[in-house]
Amino acid sequence: MSSQLISSSPTITEIPTPKLHSRSHTLSQRTQIPLHVYKHPAAILLELSTSIKEVYQILPHIIKSNLYTEHLFQTKLLSLFCNHGCIAEAARVFEPIQDKPEVLYYTLLKGYAKYSSLHEALLFFVRMKVDNVKPVVYNFTYLLKVCGDKGELRRGKEIHGQLIKNGFSSNVFAMTGVVNLYAKCRQIEEAYKMFDRMPERDLVSWNTIISGFAQNGLAKLALGLVVKMQEEGQRPDSVTLVSILPSVADMGLVKIGRSIHGCVLRAGFEGLVNVNTALVDMYSKCRYIGIGRLIFDGMKQRTMVSWNSMIDGYVRSGYAEEAMAIFEKMLDEGVEPTDVTIMGAARACADLGDLDRGMFVHKLSDKLKLATNVSVMNSLISMYSKCKRVDLAVDIFKKLPGKTLVSWNAMILGFAQNGCVNDALNYFYEMHSRNMRPDTFTMVSVIPALAELSVTRQAKWIHGFCIRSCLDDDIFVMTALVDMYAKCGAIHTARKLFDRMNERHVTTWNAMIDGYGTHGLGKAGLELFNEMQKGVVKPNDVTFLSVLSACSHAGMVEEGLSYFTSMKRDYGIEPGMDHYGAMVDLLGRAGRLNEAWNFIRKMPIEPGINVYGAMLGACKIHKNVELGEKAANKLFALNPDEGGYHVLLANIYATASMWGEVAKVRTTMKKKGLQKTPGCSVVELRNEVHSFYSGTTNHPQSKKIYAYLEELGNKIKATGYVPDTSSIHDVEDDIKEQLNSTHSERLAIAFGLLNTSQGTPIHIRKNLRVCGDCHTATKYISLVTGREIIVRDMQRFHHFKNGTCSCGDYW
């Protein structure tokens, strides 16, 4: 910019008002601009200016040269101000001009439509009518576009009416704008009516209606219009293909997507960035991420959308590490990420459980000043929750302005995923108190949290809430309720809900089959699975895991072996580590330990912790020292910091009276600082949760509880109970018996019996497997008290009634 022209930069209000032209000064006279005006340096600089700052630098010279009255400068200044979004300044140039040419009205209306409010644009449109300025077709297209973008259907209809009144109802440009208006306002049927009535249609018209159907979720109809378009002799262009590819992606129609890819190559569009980006997105969403990556790598130019599509594609396909590699490559190439990039990277870190890189993404979002971007913060809340740092998620949530329902859902789910059940429920109650209406996602987050509490009363309350919220017909909410009732011990209620459902997802079947398994009702679970096989819903890997677990809990070994074979042979489902673990558990529980060990040795994949854990547990049940030692040594190598495996091995040694080996294990634990997880049992009474640990006396009713336990002990002994103290040594026999009788579940049972009326079932939750002696004792307690006692341990439910247990002593 010339230094001669850079003096003090006045605002537009400092420009002198030009002298008024007489009415006889016609437009033709005004357009006869002297040659010296065209060639003036200021005119040339205005023409070359690229920013509003440069325009302000030229203004002083225009004023000093007395050129502000010239039509050329007035028109150019008005246009420049409008193009740069400075509508107030443009209006100040416009207003003083006498005998304004119509083109200035059109320019300023375009500026209002593009950069000001819809209200201001419509006011100026009315002003044009008052000033007897006849509108042209593109005046209407500007206004229709802004109405469509803002979803202003009522105003858009008024513009449509004016368009017809002014004789443009057959104009292809005007009617394309009308089609776009109705499509963006989700009135797609009306949009198609307008399109169908058009006497002629150009390529833009076709692209507009196709895009409208695609954006309104009508992908199949959009594809049909592409076919119809070609039948009517209109060849699709790159815009058509970019419009239709997202629909193809959403429907997972990769064959059609490949056909469109072929059209791209034949038409020579493969060099267009937007087309390649749409192809990357399509292949990624259709789980053909490898092809998407090939297209991405072959792109000579990439937009931010290209990078984001690739990152999102990898995350969707389960390749979080590759998503982070693309993210890091993007940063290395100096490309600045957007909010969409940050959300994709946060999801990848969440899937990986990578806290360090997740914190880096968070810092980057702060650097990009995205702390008030609700969508980004919601992604970070989810990321921290999945990385087991729910405390950091809470910090973000508390500082977040304008929390949305998604924010609350992310926080509730985060608490539930991290075992913070009470926090999840408290946030749900607080959200409800703020008159924020929960949706399906809210309920399927909070219902599993209630399931973990295993309290029937609260289960009934949340069920009623779902009914009052009109969510009881939602398949996912109903599936969560089925699962919740099963986990609360109400397996028959779960089945009633299951039977009432008009539609069932595979997860619904899985929840019910798994519920039967954990309640020891393996036969009922298998009958349900056989019913599922006759229907349209196909079992998946989780279904077979539930079936194998049900077989294991019920001792149905041959059936389990048959289903394991069928899984791959009949359904093409490759067994995973959990399936192998279930098979070892199935064989081990049945006492077929050598067969279980040989099964492990022949596994096509390296056995994991759950496989050897199942083996060790079976060796504990069946007192097999040799195989128990082998399984334990494998577990010590895989997870040396877990004290529970050492305790199991010590118990195996104790039952074999190998006290020297027991001492060695305990010494090893002491040296490594490993501790046994203390047994904890929980019982809820009158909205209050009571927790008990083995041998503790800190409960207000401890004296009554211990006295009652002694009384119960005498009663059940008289009925035939014989204490099993084989795993305890170094103490007198009476002390051994006392240690067993004060296990956490017995304290909880005694408390429940003391504080409830006759006939009321007692519901207990325990964090560990019920020991054999407590299992036997509880059977006798149910007999002498006439009470039903339901115990949910870490593996299954035990329904004790009249001296028997639902597990049939097989757990």
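What follows draws every value from the coordinates through simple rules; no lab data is involved. Remember, predicted model here, so these are calculated numbers, not experimental data. Counting neighbours? That spans all protein chains shown, and the Cβs are built from the backbone with ideal geometry, glycine included.
Based on the Cα coordinates of the stretch 215-277, what is the per residue volume of their convex hull in Å³? Walk me through the numbers before you get to the answer.
Values: hull volume 5.1 nm³, N = 63.
Enclosed volume per residue, from the Cα hull, is 81 Å³.
When only Cα pairs under 8 Å and 6 or more residues apart are kept, what is the percent relative contact order across the chain? Walk me through the numbers on the way to the answer.
Values: 1129 pairs, mean separation 33.6, N = 811.
About 4 percent, as a whole number.
Give the longest segment of the chain that steers clear of GluC sites (Glu not before Pro) in DSSP loops with at most 10 neighbouring Cβ atoms within 10 Å, not counting the sites themselves.
504-731
Using R₀ = 30 Å, calculate the FRET efficiency as 1/(1 + (r/R₀)^6) where r is the Cβ-Cβ separation of LYS114 and THR372; round to 0.05. Don't skip to the answer; put the middle values down first.
Values: r = 26 Å, r/R0 = 0.86.
Once rounded, the FRET efficiency stands at 0.70.
If eta is 1.567 mPa s and T is 4 °C, what Stokes-Einstein diffusion coefficient results for the stretch 451-561, Kirkwood Rh from Cα pairs, in µm²/s? Before the final figure, lay out the partial values.
Details: Rh = 14.1 Å.
For the chosen part, D equals 92 µm²/s.
Net charge near GLY353: determine it from the other residues with C-beta under 14 Å of the C-beta of GLY353, scoring Lys and Arg +1 and Asp and Glu -1. The partial results should precede the final answer.
Numbers: positive: ARG347, ARG357, LYS386, LYS388, ARG389; negative: GLU321, ASP351, ASP354, ASP356.
In short, +1.
Taking Cα pairs under 8 Å and at least six residues apart, what relative contact order does the stretch 206-277 come out at, in percent?
Numbers: 58 pairs, mean separation 21.1, N = 72.
With pairs under 8 Å counted, the relative contact order is 29 percent.
What is the sum of charges, Lys and Arg at +1 and Asp and Glu at -1, for the other residues whose Cβ falls under 13 Å from the Cβ of MET377? The partial results should precede the final answer.
On the way: positive: LYS369, LYS398, LYS399, LYS403; negative: ASP339, ASP366, ASP395.
So the surrounding residues net to +1.
Taking only the alpha-carbon atoms of the stretch 463-508, what semi-axes of the equivalent ellipsoid follow from 5 times the gyration tensor eigenvalues under a square root, in whole Å, largest first? Each step should come with its number before you reach the end.
Numbers: eigenvalues 46, 34, 15 Å².
Over the Cα atoms of the stretch 463-508, the ellipsoid semi-axes are 15, 13, 9 Å.
Run the quick spin-label model on TYR571 and ASN598: label points 7 Å from Cα toward the beta carbon, then report their separation in nm to one decimal.
2.7
Could you calculate the contour length gain from ASP99 to ASN687, that is, 0.36 nm times the residue separation minus the distance between their Cα atoms, to one decimal place in nm?
Details: separation 588, 0.36 × 588 = 211.68 nm, distance 8.11 nm.
Full-extension gain reported as 203.6 nm.
Could you give each residue of the stretch 210-217 its phi-based ³J(HN,Hα) in whole Hz, using Karplus coefficients 6.51, -1.76, 1.60 with θ = phi - 60°, and x for Gly or Pro?
3J(HN,Hα) across the stretch 210-217, in whole Hz: 5, 4, x, 4, 5, 6, 9, x.
Quick query: amide H of CYS680 versus all other amide H atoms, modeled in the peptide plane; which residues come in under 5 Å with a sequence gap of 5 or more or a different chain?
Correct list: ASN767, LEU768.
What would the Debye equation give as log₁₀ I(q)/I(0) for the stretch 560-699 at q = 0.13, 0.17, 0.20 Å⁻¹, counting only Cα atoms as equal point scatterers?
Debye output, listed in q order: -0.69, -0.95, -1.12.
Using a Förster distance of 30 angstrom, determine the FRET efficiency expected from the C-beta separation of MET794 and VAL536, and round it to 0.05. Please list the in-between numbers first.
Working: r = 35 Å, r/R0 = 1.18.
The pair MET794/VAL536 has a calculated efficiency of 0.25.
Are there trypsin sites (Lys or Arg not before Pro) in the stretch 536-622 that DSSP puts in a loop and that have at most 13 other Cβ atoms within 10 Å, and which ones? Write down the numbers at each step before the final one.
Details: sites: LYS568, ARG569, ARG589, ARG592, ARG601, LYS602, LYS620; in loops: ARG592, LYS602.
Filter output for the stretch 536-622: LYS602.
So for the stretch 489-589, taking the charge dipole from beta-carbon charges (+1 Lys/Arg, -1 Asp/Glu), which of GLY535, SER552, HIS492 sits furthest toward the positive end?
The Cα lying farthest towards the positive end belongs to HIS492.
Placing +1 on the Cβ of each Lys and Arg and -1 on the Cβ of each Asp and Glu in the chain, which of PHE465, SER79, THR742 has its Cα farthest towards the positive end of the resulting dipole?
SER79
Go through LEU203, LEU685, ILE600 and say which Cα lies farthest out towards the positive end of the charge dipole of the chain; charges sit on Cβ, +1 for Lys and Arg, -1 for Asp and Glu.
Among LEU203, LEU685, ILE600, the one farthest towards the positive end of the dipole of the chain is LEU203.
So if each residue of separation counts as 0.36 nm, and I subtract the Cα-Cα distance between ASN166 and THR719, what length gain in nm does that give? Show your work: numbers first, answer last.
On the way: separation 553, 0.36 × 553 = 199.08 nm, distance 9.98 nm.
Once the chain is fully extended between ASN166 and THR719, it gains 189.1 nm.
When DSSP assigns beta bridges and you keep just the ones with both residues in the chain, what percent turn out antiparallel, to the nearest 5?
Numbers: 14 of 18 bridges.
Approximately 80 percent, going by the DSSP bridge assignments.
Express in nm, to one decimal, how much length is gained between ASN639 and ASN767 on full extension, taking 0.36 nm for each residue of separation and deducting their alpha carbon distance.
On the way: separation 128, 0.36 × 128 = 46.08 nm, distance 2.01 nm.
Gain in length upon complete extension: 44.1 nm.
Around TYR138, with a cut-off of 14 angstrom between Cβ atoms, what is the net charge of the other residues, counting Lys and Arg +1 and Asp and Glu -1? Walk me through the intermediate numbers first.
Values: positive: LYS110, LYS114, LYS134, LYS145; negative: GLU102.
Every neighbour counted, the sum reads +3.
Calculate the translational D of the chain in whole µm² s⁻¹ from Stokes-Einstein, where the hydrodynamic radius comes from the Kirkwood formula applied to all Cα pairs, the temperature is 10 °C and the viscosity 1.306 mPa s. Show your work: numbers first, answer last.
Details: Rh = 33.2 Å.
The estimated diffusion coefficient comes to 48 µm²/s.
Hey, what D do you get for the stretch 263-354 in µm²/s if you plug the Kirkwood alpha-carbon radius into Stokes-Einstein at 4 °C and 1.567 mPa s? Could you put the intermediate results ahead of the total?
Numbers: Rh = 13.1 Å.
Calculated translational D: 99 µm²/s.
Per residue of the stretch 611-616, what does 6.51 cos²θ - 1.76 cosθ + 1.60 with θ = phi - 60° give for ³J(HN,Hα)? Whole Hz please, x for Gly and Pro, Karplus curve as stated.
5, 5, x, 5, 5, 5
About the Cα centre, and with charges only on the beta carbon of Lys, Arg (+1) and Asp, Glu (-1), how big is the dipole of the chain? Nearest 20 debye, please. Before the final figure, lay out the partial values.
On the way: 93 positive and 81 negative charges, 268 e Å.
Roughly 1280 debye, rounded to the nearest 20.
Please sort by residue number the trypsin sites (Lys or Arg not before Pro) in the stretch 125-154 whose DSSP state is loop and whose Cβ has at most 14 other Cβ atoms within 10 Å.
Details: sites: ARG127, LYS129, LYS145, LYS150, ARG154; in loops: LYS150.
Passing both the DSSP loop test and the Cβ count: LYS150.
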